[in-house]
1. Could you please find all residues in region A:431-468 being free of Cβ contacts under 8 Å to residues at least 24 places away in the same chain and within 31 Å of the chain's Cα centre (by Cα)?
2. Regarding A:Pro214, is this residue surrounded by fewer than 19 Cβ atoms within 10 Å (Cβ to Cβ) and modelled with pLDDT of 90 or more?
3. Do the conditions hold for A:Glu188, that is, is it part of a helix (DSSP H, G or I), more than 10 Å from RNA strand B (Cβ to nearest atom) and at pLDDT below 90?
4. Quick check on this structure: which one of A:Ile451, A:Ile418, A:Ile467 is among the β-branched types (Val, Ile, Thr) and touching a Phe, Trp or Tyr at 6+ places or on another chain (Cβ under 9 Å)?
5. Among the residues of region A:61-113, write down those that are small (Gly, Ala, Ser) and either touching a residue at least 12 places away in the same chain (Cβ under 8 Å) or not in a loop (DSSP other than H, G, I, E, B) (or both).
6. Within region A:271-303, restricting attention to residues that are modelled with pLDDT of 50 or more and within 13 Å of RNA strand B (Cβ to nearest atom), which residue is farthest from A:His18 (Cα to Cα)?
7. Confirm whether A:Ala56 is among the small types (Gly, Ala, Ser), at pLDDT 90 or above and over 13 Å from the mean Cα position of the chain (by Cα).
8. Of the residues A:Tyr5, A:Tyr12, which is buried (at least 24 other Cβ atoms within 10 Å of the Cβ) and either within 14 Å of the chain's Cα centre (by Cα) or within 16 Å of RNA strand B (Cβ to nearest atom) (or both)?
Amino acid sequence: MGRFYVTTPIYYVNDVPHLGHAYCTVNADAIARWHRGLGDETLFLTGTDEHGTKVAESAESHGVTPAEWTDRTSARFQEAWRSLNVSNDDFIRTTEDRHYATVRTFLKRIYDNGYIVKDTYKGLYCVSCEDYYTTESLEAGLCPVHRRAVVEMEEDNYFFRLSAFEDRLIEWYESQPDAIRPAAKRKEALSFIRGGLKDVSITRTSLSWGVPVPWDEEHVFYVWYDALINYLTAIGYGSDDERVAEWWPHVHHLIGKEIIRFHCVWWPAMCMAAGIDPPASIFVHGWLLVGGHKLSKSMAGEEDSPVKLTEISPASLTEDFGVDAVRYHLLRDTPLGTDGEFSIEGLTSRYNSDLANNLGNLVARVATVVGSKCGGIGPAPAADSPLVAASEEAVAGALAAWEKFAPHEALEATWRLIGAANAELEATAPWKAEPGTVDDVLGSALEVVRIVALLISAAMPATADEIWHRIGLSGSPADELLPDAAQWGGYPGGLVVTKGDPLFPRRK
RNA sequence: GGGGUCGUAGCUCAGUGGUCAGAGCAGGGGACUCAUAAUCCCUCGGUCGUGGGUUCGAUCCCCACCGGCCCUACCA
């Protein structure tokens with residue numbers, strides 16, 4: 001038992017919550033729940049990123065203040081996570097006072113340490129965009145958005161001396177080979193560092209929607225520069241050193257592959273510059289992709305247009321399939337670290353085979369036979385059941401898999417146990433036997449069901465609770481301590497087993 | 001242009017320098033009937049992107065090429 005601090009990126013409020021956000025958040029949630037089950041003191045953080053030009057513009061175009069706008073848009077994320085049964089302990093918004101305080105303290109320390117300097121930023125500026133462009137991003141020498149000429153401009157900005165950390169970052173990468181996973185992503189970030197680092201401008205004078213620079217109130221920090229610091233805000237950096245000392249060594253950032261540079265290069269350097277350790281662990285996940293015309297028409301909008309992942313709302317899926325089915329699919333289908341293909345057909349197929357046919361049907365058939373052969377009272381398991389080995393393998397497999405951020409493997413291991421239980425029922429056919437001769441096999445089947453409930457609780461909390469109650473247990477599998485509770489023999493017997501409606505009715 | 005990554009059975013994906021390259025789903029056959037027409041057993045199915053090279057031997061190592069995707073510094 002220890003501590004476990006897991007974070008998602010804070011999502012930019014100008015997006016609507018989509019399936020890509022849900023993928024990351026549900027994975028973080030399941031991992032957090034698993035660690036709570038292990039007895040770890042767990043802190044699970046998510047939130048919204050609310051500064052920057054785009055937010056200020058959106059607010060203006062809707063005729064509201066940025067504060068009103070972000071209140072509205074941030075709420076959509078909080079609702080989305082509630083509806084997916086996400087158990088975050090905290091929800092941080094970068095517009096909160098606590099975040100302003102931490103950002104100013106943290107960056108002031110970097111400034112005092114000499115790693116933030118004032119310099120002139122020169123670049124090609126589009127007056128309409130109020131933004132700079134690199135030569136490469138221009139189209140025919142014109143601003144790609146407004147198709148107008150850009151002008152040479154210069155602005156006094158504060159720069160973070162990222163270049164000063166090249167060697168220290170490489171040293172850190174070499175001394176902490178597991179800090180960034182998977183290895184391929186670590187390699188990518190390391191190559192970037194080895195390619196040479198330039199200083200980065202971290203302040204703006206062209207807008208006011210940001211955190212004011214404490215030593216020069218004319219400037220606000222560039223949005224990424226305040227966003228990353230949220231991970232420290234949430235544990236009280238600047239106001240509660242003891243809390244930071246407790247949690248920071250146990251942080252695990254779960255991020256998407258498109259923001260590697262900020263998290264794996266800038267962020268560790270910022271930490272070093274402020275005099276704290278870089279984050280202990282960063283896990284980079286891939287993307288969910290949608291390959292063309294695979295989604296059902298009702299979701300596609302236009303009849304023949306390809307659907308983007310960002311157009312799929314988690315709410316539409318949970319209404320259709322149920323919360324736990326969507327959670328299961330997100331966790332089971334695409335391993336963290338690689339890209340995966342998402343489709344309604346895939347979700348439906350997995351729902352039917354894994355949830356309806358295997359898990360749901362197992363629970364149903366066991367309950368029925370206990371009803372007919374044991375008067376509805378579940379017997380205790382046999383100590384020498386052939387299912388003991390399968391059960392131990394599943395528990396060991398799940399433990400190892402969650403530990404390495406591989407929810408899909410944990411669920412695979414669990415489903416092998418479900419398969420073994422179904423096969424054992426075929427082999428012993430207790431429905432044909434005389435009452436009184438089948439207590440061992442049915443008790444063992446119930447024990448498998450109990451252990452499965454424990455193992456899926458992090459992924460499908462509501463389903464796990466329901467199964468738990470159907471086999472007569474009280475409380476919740478989430479309150480049991482793993483892995484001890486999943487040891488063979490925990491089902492006491494003598495409990496009322498109820499059948500109930502199908503957990504996952506088959507779909508067409 | 002540079003960096004990274006992926007390209008393996010119909011589909012989604014594992015995998016290893018060396019016996020016949022694996023899983024789940026889908027397909028085919030059989031068994032069973034407790035169960036959500038579920039389950040269980042058996043089975044069909046692959047020139048491991050293309051072309052070279054290293055090696056006694058490569059799907060796995062190296063090079064080139066083709067195709068997909070991410071990043072390329074101030075964009076969330």
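1. Across region A:431-468, the qualifying residues are A:Ala464, A:Asp465, A:Trp468.
2. yes
3. Numbers: part of a helix (DSSP H, G or I): yes; more than 10 Å from RNA strand B (Cβ to nearest atom): no; at pLDDT below 90: yes.
Against the criterion (part of a helix (DSSP H, G or I), more than 10 Å from RNA strand B (Cβ to nearest atom) and at pLDDT below 90), A:Glu188 does not qualify.
4. A:Ile451
5. A:Ser61, A:Ala67, A:Ser74, A:Ala75, A:Ala80, A:Ser83, A:Ser87, A:Ala101, listed by residue number.
6. Narrowing region A:271-303 to residues modelled with pLDDT of 50 or more: A:271-291.
Then drop every residue that is not within 13 Å of RNA strand B (Cβ to nearest atom), which leaves A:284-291.
Working: A:Val284: 19, A:His285: 16, A:Gly286: 15, A:Trp287: 12, A:Leu288: 11, A:Leu289: 12, A:Val290: 13, A:Gly291: 17 Å.
My answer is A:Val284.
7. Details: among the small types (Gly, Ala, Ser): yes; at pLDDT 90 or above: no; over 13 Å from the mean Cα position of the chain (by Cα): yes.
No, not satisfied.
8. Criteria check complete, one pass: A:Tyr5.
The values are calculated or read from the model by the stated rules, or taken from the named source; none is laboratory data. Please read these numbers as outputs of a predicted model, since none were measured by experiment. Glycine gets a Cβ as well: all are built from the backbone with ideal geometry, and neighbour counts include every protein chain shown.
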